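Here the structure is laid out as structure tokens; the discussion comes afterwards.
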Amino acid sequence: MPDSPEVDLDEVYNFALELGQAAGKILDDGWKSRCNGDGDNKTVEKDSAVDIVTQTDEDVEAFIKEKITNRFPSHKFIGEETYGKGSSKEYLIDDDPTWCIDPLDGTVNYTHIFPMFCVSIGFILHGDPVIGVINAPFLHQTFSACRGKGAWLNGTQRLPLLRNPIPPMPVNAPQSCVFACEWGKDRRDRPDGNLYRKVESFVNMAAEVGGREGKGGMVHGVRCLGSATLDLAYCAMGAFDIWWEGGCWEWDVAAGMCLVREAGGLVTTANPPSNVSDAVIEDARPGSRLYLAIRPAGDCARESGREGQERTVREVWRRVRQLDYSRPGA
């Protein structure tokens, strides 16, 4: 999509980088003050006992929103906490310049002082994530990407980290792959509900080759970080080969989708189509709530990098269940 005439992506990108550092410092100061006995460790449940919000979530979002509104008053703003207070779950992203923010992705991790938490700042133009900044302060890692400029770790290391050459997808994928996934917040104990379908899919991906009626994927490992944003960042980095998830919202993925794509990866839908072999592999929308990401892949004698990614997508689709995370307008 062409840039809007009123949007200078370089200006927005530089501002987002500064904003990510400032917001990350608030998160960093917050967990450190709690360790010293000075911070607020209270949480409030939203939809379930694992869907929680802290005062830090709200403080960081208010800080980010104020900075964006002052600098770019004509831009729209969607943040997890302000959106969550509304009764509607409609998809709000359109063609207008829109900031899509998760002030603290990995809130449960943050409350337990598990390092996998971050601030996620995405900028969307014409419905497409074109800028992403992710700051994980405990880990001292900042991931960033801008359309046409590649994806970066701490501003110095281009992603993926292995680049000379970029490894192709394994010939027997999903074997030899690291598979990232999340349990999610839908924990309803309903046979054939999302939780059961996820568990079945996880087991299929992990089981021995030939097991599970031929669905065994024998992946190298299954990883659950508790942060969809960081799942995508590590997919862009090349540390994760595959990320499969349903239930995330646009603020969870906007920045990460930009990172993966700028690094050379692919993000499509989590749900397998009726005809896996012939289905067109399309880019996922930020608000689709269903995501399958494949890391950047290099060419090899047998196939191009893109062909290897699409082959891997189809092999994942053959092993996972359909998930139901529908919403109005998406």
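Nothing in this text is a laboratory measurement; each read-out follows from the coordinates by a stated rule. On a predicted model such as this, the values are computed, not experimentally measured, just so you know. Because the Cβ atoms are built from the backbone with ideal geometry, glycine has one as well, and the counts that use them run over all protein chains shown.
Summary table below
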item	result
Values of log10 I(q)/I(0), in the order q = 0.09, 0.10, 0.11, 0.13 Å⁻¹, for the range 178-317 under a Debye, Cα-only, solvent-free model	-0.25, -0.31, -0.38, -0.53
Top positive-direction residue, dipole computed over the chain with Cβ charges, set Asn14, Gln322, Ile68	Gln322
Extension gain, Gln322 back to Phe63 (0.36 nm per residue minus Cα-Cα distance, nm)	89.4 nm
Cα gyration tensor shape for the range 9-158, rounded if a/c is under 1.5, else prolate or oblate	oblate
Normalised per residue, the volume of the convex hull around the Cα set of the chain (Å³)	138
Estimated inter-spin distance, Leu162 and Arg190, nm [label 7 Å along Cα→Cβ]	4.1
Full-stretch length increase - Ile281, Ser304 - with 0.36 nm per residue and alpha-carbon distance subtracted	6.7 nm
J(HN,Hα) series, the range 269-279, from Karplus relation 6.51 cos²θ - 1.76 cosθ + 1.60, nearest Hz, glycine and proline x	7, 6, 7, x, x, 5, 10, 4, 5, 10, 5
Test item: Cα-centred dipole of the range 178-317, Lys/Arg +1 and Asp/Glu -1 on Cβ, debye	300
Label-point separation in nm, Ser274 to Val222, each point 7 Å along Cα→Cβ	3.0
Asp94-Lys25 pseudo-label distance in nm [points 7 Å out on the Cα-to-Cβ vector]	3.7
Tensor-based shape of the range 257-330 (alpha-carbon gyration tensor, a/c under 1.5 rounded, otherwise prolate or oblate)	oblate
HN-Hα J in Hz across the range 94-111 - Karplus 6.51, -1.76, 1.60, θ = phi - 60°, x for Gly and Pro	10, 7, 6, x, 9, 8, 10, 10, 10, x, 8, 8, x, 4, 4, 4, 4, 5
Dipole in debye (nearest 20) - the chain, about Cα centre, beta carbon charges: Lys, Arg +1; Asp, Glu -1	960
Of Lys32/Lys149; Lys25/Lys149; Lys89/Lys149; Lys149/Lys185, those spanning more than 30 Å from alpha-carbon to alpha-carbon	Lys32/Lys149; Lys89/Lys149; Lys149/Lys185
Structure-based [θ]222 nm, the chain - -39500 (n - 2.57) summed over DSSP H runs of at least 4, per residue, nearest 500	-10000 deg cm²/dmol
Nearest-20 debye value, the range 83-227 charge dipole, Cβ charges on Lys, Arg, Asp, Glu	340
HN-Hα J in Hz across the range 156-164 - Karplus 6.51, -1.76, 1.60, θ = phi - 60°, x for Gly and Pro	10, 10, 6, 9, x, 5, 7, 10, 10
